[in-house]
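Chemist: One structure, pasted below without further comment.
The values are calculated or read from the model by the stated rules, or taken from the named source; none is laboratory data. What you see is a predicted model; the values in this text were computed from it and never measured. All Cβ positions, glycine included, derive from the backbone under ideal geometry; neighbour counts span all protein chains shown. Keep in mind that these areas ignore ligands, DNA and RNA; they rest on the heavy atoms of the full protein, side chains included. Shrake-Rupley method; radii C 1.70, N 1.55, O 1.52, S 1.80 Å.
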Amino acid sequence: MLEVSLVHYIILSALLFCIGLCCVMVSRNLLRIFMGIELMLNAVNINLAAFAYFCDGMVLGGQVFILFVMAISVCEMAIGLVIVVALSRHSENIDVNSQDVLEDKQ
Amino acid sequence: MGILNFLIFAFLFCLILISALGVVAARSISVSLVCMMVCFLGVSGVFFSLGADFAGASQIILYGVSVAILMSFAIMLVSKKDDRVLGVSFSWRSLIGGICCFGILMILFFTMSDGGRGLPAVLKKSIHPEAFSSTFKTASELFSSYILPFEVLSLILLIILLGAAVIAGKERR
């Protein structure tokens, strides 16, 4: 039993994904929501690395796609943080419940 | 050797999950930033143990350092004194969110066990002992089979750079 197999990494990835999802759904702070998104993307990357290692040791498509996911998620992070900073100029806080400038007020 | 692998994996498992829980549960946003950095470094350790050297190094550089610096600047620019009230509290929102996450976790475990019939054989493969360095192979894959996504990615980076500059610098009247 003391042998690390693929299912251990998948369990780790599933738990990390659900913690990240919980962070996104529960938190009201925009910055913490971004942290949750990053946790979820890291869980996906663990899955890609584990399947690349255990299933196709010679092809390594999974490891290449880790790099793509990383680059895209850093881009998303940069744009998101810029939007948060721009939003904080217009309103007094970054509570997601109080952001209603796009709401249709009749 | 199997025991050592297992101990390293158990250490990384606990480190990643505890620090990820710290991101969710910390009262102060700075504490959760530090927890996030620790979690990213743990994930890079997982990459190293899976033979993905280059991905682990990029994980340290990109996530462990640059995303953390970006995030800390955003915290300094945005945070106010009363942001502590935005932490996790007991409310309908937290309850429903927690129930949804638990349900999705159960669905994932159910799927993993092949609908309750036990683990498929592919999931029981254990680590083959010869560790290999994959940087050379990753690079040759990246510049032969995946050259088009790589170039598209550079275009995306350029667009993101311009877009971030435009959005951030718009406050001029």
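Chemist: What residue among B:S94, B:S66, B:S30 has the largest mean-square fluctuation in a Gaussian network model of chain B, using Cα springs under 10 Å?
Modeler: Highest fluctuation among the options: B:S94.
Chemist: At most 15 other C-beta atoms within 10 Å and a DSSP loop state: those are the exposed chymotrypsin sites (Phe, Trp or Tyr not before Pro) I care about. Give me the longest piece of chain B that has none. Each step should come with its number before you reach the end.
Modeler: Numbers: sites that count: B:F90, B:F132.
Within chain B, the longest run free of exposed chymotrypsin sites (Phe, Trp or Tyr not before Pro) spans B:1-89.
Chemist: Choose one answer from B:V46, B:V152, B:V38: the residue with the largest mean-square fluctuation in a GNM of chain B with alpha-carbon springs under 10 Å.
Modeler: Of B:V46, B:V152, B:V38, the Gaussian network model singles out B:V152 as fluctuating most.
Chemist: What do you get when you divide the Cα radius of gyration of the stretch B:134-173 by 2.2 N^0.38 Å, with N the number of residues?
Modeler: Scaled against compact globular proteins, the figure is 1.80.
Chemist: What whole-number volume per residue, in cubic angstrom, does the convex hull of the C-alpha atoms of chain B give?
Modeler: 195 Å³
Chemist: Over the heavy atoms of A:H90, what accessible area does a 1.4 Å probe trace out, to the nearest 10 Å²?
Modeler: Its heavy atoms expose roughly 130 Å² to the probe.
Chemist: Under 5 Å between amide hydrogens, which residues at least 5 positions from A:D95 or on another chain qualify, with H placed 1.01 Å from N in the peptide plane?
Modeler: Here nothing satisfies the definition.
Chemist: Further question on the same structure: Tell me the Rg and the Dmax, in Å, that the Cα atoms of the protein assembly as shown produce.
Modeler: 20.1, 69
Chemist: Scanning chain B for helices, which whole DSSP H stretches are 18 Å or more long along the axis (Cα) and average -0.5 or more by Kyte-Doolittle?
Modeler: Taking the DSSP H segments of chain B (at least 18 Å long, mean hydropathy at least -0.5), we get B:2-25, B:29-49, B:92-112, B:147-168.
Chemist: On a 0 to 90° scale, report how tilted helix A:61-90 is relative to the longest principal axis of chain A, with both axes built from alpha carbons and the result rounded to the nearest 10.
Modeler: The answer is roughly 10 degrees.
Chemist: Rolling a 1.4 angstrom probe over the protein chains, ignoring ligands and nucleic acids, what is the accessible area of B:S58 in square angstrom, nearest 10?
Modeler: We get 20 Å² for B:S58.
Chemist: So what's the back-of-envelope 222 nm ellipticity for the protein assembly as shown, counting only DSSP H runs of four-plus at -39500 (n - 2.57) apiece and dividing by all residues, rounded to 500? Mind dumping the intermediate values first?
Modeler: Values: 10 runs with 191 residues, N = 279.
Using -39500 (n - 2.57) per qualifying helix, the result is -23500 deg cm²/dmol.
Chemist: Please give the total accessible area that chains B and A bury against each other, computed with a 1.4 Å probe and expressed in Å² to the nearest 100.
Modeler: In total, this chain pair buries about 7500 Å².
Chemist: Please report, largest first and rounded to whole Å, the three semi-axes of the ellipsoid equivalent to the stretch A:7-89, where each semi-axis is the square root of five times an eigenvalue of the C-alpha gyration tensor.
Modeler: 29, 16, 4
Chemist: Just to verify a number: what accessible area does B:L62 come out at with the full protein assembly present, 1.4 Å probe, Å² rounded to tens?
Modeler: Approximately 50 Å² for this residue.
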